[in-house]
1. Of the residues that sit in region A:40-54 and are part of a loop (DSSP other than H, G, I, E, B) and within 14 Å of chain C (Cβ to nearest Cβ), which one is surrounded by the most Cβ atoms within 10 Å (Cβ to Cβ)?
2. So which strands (runs of 3 or more DSSP E) stay within region C:48-93 end to end and still have 3 or more residues that are within 12 Å of chain B (Cβ to nearest Cβ)?
3. Filter region B:13-35 for residues that are surrounded by 15 or more Cβ atoms within 10 Å (Cβ to Cβ), over 18 Å from residue A:87 (Cβ atoms) and under 29 Å from the mean Cα position of the chain (by Cα) and give the result.
4. Looking only at residues in region C:51-60 that are more than 12 Å from the chain's Cα centre (by Cα) and in contact (Cβ under 8 Å) with a residue 12 or more places away in the chain, which one is surrounded by the most Cβ atoms within 10 Å (Cβ to Cβ)?
5. Listed residues B:79, B:74; which is at the interface with chain A (Cβ under 10 Å from one of its Cβ atoms) and part of a loop (DSSP other than H, G, I, E, B)?
6. Could you pull out the residue among A:9, A:28 that is assigned to a loop (DSSP other than H, G, I, E, B), more than 7 Å from every other protein chain (Cβ to nearest Cβ) and over 18 Å from residue B:33 (Cβ atoms)?
7. Which members of region B:108-124 meet the condition of being part of a helix (DSSP H, G or I) and either in contact with a strand residue (DSSP E or B) (Cβ under 7 Å, 6 or more places away or on another chain) or at the interface with another protein chain (Cβ under 7 Å from one of its Cβ atoms) (or both)?
8. If I go through region A:55-102 residue by residue, how many of them are within 19 Å of residue A:41 (Cβ to Cβ) and part of a loop (DSSP other than H, G, I, E, B)?
């Protein structure tokens, strides 16, 4: 039984749904995508553009179904883009244009 | 589909292009950061453990201030969160988890493993720690209690596991070779035969 | 608020999540529960503020133990949880 409280969906300690889920203990190598996202987050932090707290807030804002569906670093990337937009570092128009070009 | 729902690889490429065009983040800076991050690995934590096993004064310093103890061994800690070290004894076994995200002692162990970041690990650690470590075949001796450490804030935690029997007289290098990533998180315990 | 090592504390039974967008580092499973302070871990800028780019309040951070079976009404006697909790989430018990 879960505690009957208004739990945020990322707040996973003891959540019943996962108590019977086996853990995949195998090592899974990071992809180039993973490492680049990780590095990007660090560089943005070092340059004081975005903190790790803002990263977490952005991840926690991902709707529950997407949160569990997206891989770890895809959650990061969504949050990084979200934060850069919210902070006005990039605009939606710029992002759309950049996506067209790749 | 909203802009944020765009495939992550495409978002990354577009964001990188924009940040480079604005001279905010260059490709060289990202490549350099990858190289630095790649250098951190569990072998660093293992060296700390091996030294703590053979040098009582170092062990005391490590438990007092993990960051300083890491720096003593040449592990770069500038800009890293404070490191706390928790000692396993014959009465208490520690298990590290981050139920809220994936806080991990990266500076001394490298990238967190896939399992540490999984919903199953994050959910089960605080509620069924014995069932969880059994996934690695780990069974604690009778009379040992578990202390589950939920990394919720500014510290990062690693475990100082107990030195296994059968390692008498081993030098630091030989000892470090048997200390695995999982031993320093608490999902496994070191054994003399492991390589 | 200052708490000494060994002090008995209670985690506030508060749910800011219900009042708007927040970023909270006090796990849901501890709210309203009693624990024991091990030690203070220093003072840090409040992540609840940092997450929204607000100038952060400095908050004392405590390491607090909880009886683990009591949290879940199941478990192994003597097992504990050890969790970092910010001062503003703790009150004397």
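1. So the residue we want is A:50.
2. By residue number, C:58-67, C:80-86.
3. Answer for region B:13-35, where residues must be surrounded by 15 or more Cβ atoms within 10 Å (Cβ to Cβ), over 18 Å from residue A:87 (Cβ atoms) and under 29 Å from the mean Cα position of the chain (by Cα): B:29, B:30, B:33, B:34.
4. Only one residue tops the list, namely C:51.
5. B:79
6. A:9
7. B:108, B:109, B:114, B:115, B:117, B:119, B:120, B:121, B:122, B:123, B:124
8. 8
Read the figures in this text as sums done on the coordinates, not as results from a lab. Everything numeric in this text was worked out from a predicted model, so none of it was measured. Methodologically, a virtual Cβ is constructed for each residue, glycine included, from the backbone with ideal geometry; neighbour enumeration extends over all protein chains shown.
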